[in-house]
Amino acid sequence: FPVTISSYAGQGGVRDRRRQRDWGGNIEAGAIRITDDGEFNDVDSFAEFMGYYFSEGSFFYHKDKNSWQVKIAQSKHLDVMNECCRRLFSKVWKATDAVYIPVTDSVGKYFKSLGRSHEKCVPKWIKESNKSIIDIFLKAYRLGDGSERTRTHFGGYESTEVCYYTSSEAMMSDIGEL
């Protein structure tokens, strides 16, 4: 299902299961609206981006410029993350160790509503998505803050061990649930 990020006064804001944030917008079925000038129906790319954001992302509000910026800081897999960002956002700046994305006020407030690193949790729309979307999100998260290894056991059978890292108890619980 497509997702829309938008801001409407009076609709109560985003509610995660822990607390009300001060965003003042909502997420609803429809097209993904990332920039003022673009609509996307690419939920796969947005789920992938959210995995990168939750593992390696942050937001910043520039008071002097009255503008928001989202940053994905990662050097090892930066090219893959940059490609995903370019599918969704009209302006993306790639540095040697991070991708910077200027975003609209509404989108900036949405990312603020998701909390800082120790407060982050998986949004309800991802948890209620189909297995394909959840797998895309988890793979992207793991690329930023996780690992995967295959082990050969006695008797010759193999198993794959997947690890996710986070400073957020809520994120730990949500990833375990997914």
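Just the residues that are surrounded by fewer than 18 Cβ atoms within 10 Å (Cβ to Cβ) and in contact with a helix residue (DSSP H, G or I) (Cβ under 7 Å, 6 or more places away or on another chain), please, taken from the range 68-79. Of everything in the range 68-79, those that are surrounded by fewer than 18 Cβ atoms within 10 Å (Cβ to Cβ) and in contact with a helix residue (DSSP H, G or I) (Cβ under 7 Å, 6 or more places away or on another chain) turn out to be Ala73, His77.
Residues in the range 41-55 that are surrounded by fewer than 23 Cβ atoms within 10 Å (Cβ to Cβ) and of a type in the set (Asp, Glu): Asp42, Asp44. Residues of the range 43-74 that are assigned to a loop (DSSP other than H, G, I, E, B) and touching a strand residue (DSSP E or B) at 6+ places or on another chain (Cβ under 8 Å): Gln74 alone. Evaluate the range 82-99: report whether one residue or more is polar (S, T, N, Q), at pLDDT 90 or above and farther than 27 Å from Tyr61 by Cβ. For the range 82-99, residues polar (S, T, N, Q), at pLDDT 90 or above and farther than 27 Å from Tyr61 by Cβ: absent.
Is one or more of the residues making up the range 16-36 closer than 25 Å to Leu143 by Cα, part of a strand (DSSP E or B), within 13 Å of the chain's Cα centre (by Cα) and modelled with pLDDT of 90 or more? Within the range 16-36 (the criterion being closer than 25 Å to Leu143 by Cα, part of a strand (DSSP E or B), within 13 Å of the chain's Cα centre (by Cα) and modelled with pLDDT of 90 or more), the answer is no, since none of the residues qualifies.
Within this structure, Trp68 passes the test of being farther than 17 Å from Ala47 by Cα and touching a Lys or Arg at 6+ places or on another chain (Cβ under 8 Å).
The values are calculated or read from the model by the stated rules, or taken from the named source; none is laboratory data. All figures in this text were calculated on a predicted structure; none of them were measured in a lab. Ideal geometry is used to build each Cβ from the backbone, glycine not excepted, and the neighbour counts take in all protein chains shown.
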